[in-house]
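**Student:** The structure's right below; bear with me while I get my questions together.
What follows is calculated from the coordinates using simple rules that are stated; it is not laboratory data. Treat the numbers as computed from the prediction; the structure is a model and nothing was measured. Reconstructed Cβ throughout: ideal geometry from the backbone, glycine too, with neighbour counts over all protein chains shown.
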């Protein structure tokens, strides 16, 4: 019982201390589930294009989806946090894309990576198009023809 009161007083004390200093506690955005849904749909559609365009095997397909999901979540967060500041979004997005390039190099064969690297601007443009056209009510908005970039 004593531990409970100590923990409770520490909780209230830290809350009031943060409030007094004006520092905000980290909070999750209101649309967090919607953001994850949008990022997942975005990643899946881009991954489908990469799977067919790069002729990936099952292992590479799963890893590509994992990488693209992580990247899509980061990009979605960047776009939400910096809404209206296109220059900042572009600058931060380039860092995320560079990280994706590094991760993809570990997953793809040399020939596949060369093909990916040569078409990465197209994949980035496709990712932006998917993000712009995504509809949360139907996650497979653009899931149609998964064409390869040649």
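**Student:** Within 10 Å of each residue's Cβ, count the other Cβ atoms and sort 77, 127 from fewest upward.
**Tutor:** 77, 127
**Student:** Now for a different question. How would 93, 109, 61 line up from fewest to most surrounding beta-carbon atoms within 10 angstrom? Intermediate values should be presented prior to the final figure.
**Tutor:** On the way: 93 19, 109 13, 61 16.
Ordered by Cβ neighbours within 10 Å, fewest first: 109, 61, 93.
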